[in-house]
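Below is one structure, written out as structure tokens; the observations come after it.
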Amino acid sequence: MSIERFEDLKSWQEARKLVRMVFQLTGGDGFRRNRSLGWQLEEAAVSSMGNVAEAHGRYSFEDKRRLLDIALGSCREVQSHLYVALDQSFMTQQEFEAAYRQADVVSQLLNGSINNLDRQIARRTPEKSGPRRKTR
């Protein structure tokens, strides 16, 4: 199967599920007491999804890798914020576990893509840039 659009990417599809889950959670009563935590959680989830889409639109392996690395960091940020929300009783243990697992699914897919890009980057041969200069 050919990936032509970012919507075809499994990592983007799973990140979209994570965004939906996060917005359902942050719409709850607990987050009304601490809107900034809800906002940070939403932003991190949206960042994971958006950076996957942006990476798909880039041509260089390095640009793609950098954006996927940011998306991965955003997934970890979601997981960290989930702990804060759980500790403040903004969600149930079951809700925490489901959202945490979904962030793990996205992270695993991103790690696979990053590892693939690392292999592609390592396989490239450096371009010939002419004779080398001697350094003193």
Taking 0.36 nm per residue of sequence separation and subtracting the Cα-Cα distance, how much length would be gained by fully extending the chain between Arg76 and Arg58, in nm to one decimal?
4.2 nm
Size of the dipole of the chain about the Cα centre, Lys and Arg at +1 and Asp and Glu at -1 on the beta carbon, nothing else charged, in debye to 20?
1060 debye
Angle between the Cα long axis of helix 93-123 and the longest principal axis of the chain, 0 to 90 degrees, nearest 10?
0 degrees
What do you get for the angle between helix 10-26 and the principal long axis of the chain? Use alpha-carbon atoms, 0 to 90 degrees, nearest ten.
30 degrees
Using a 10 angstrom cutoff on alpha carbons, build the Gaussian network for the chain and name the most mobile of Leu86, Leu25, Leu41.
Leu86
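Return a whole-number percent for the relative contact order of the stretch 6-122, with Cα pairs under 8 Å and 6 or more residues apart as the contact set.
Averaging sequence separation for qualifying contacts and normalising by length gives 32 percent for the stretch 6-122.
Values in this text are rule-based calculations from the coordinates and carry no lab data. Only a predicted model underlies this, so the values are computations on that prediction, with no experimental measurement involved. Note: ideal-geometry Cβ built from the backbone for every residue, glycine included; neighbour counts use all protein chains shown.
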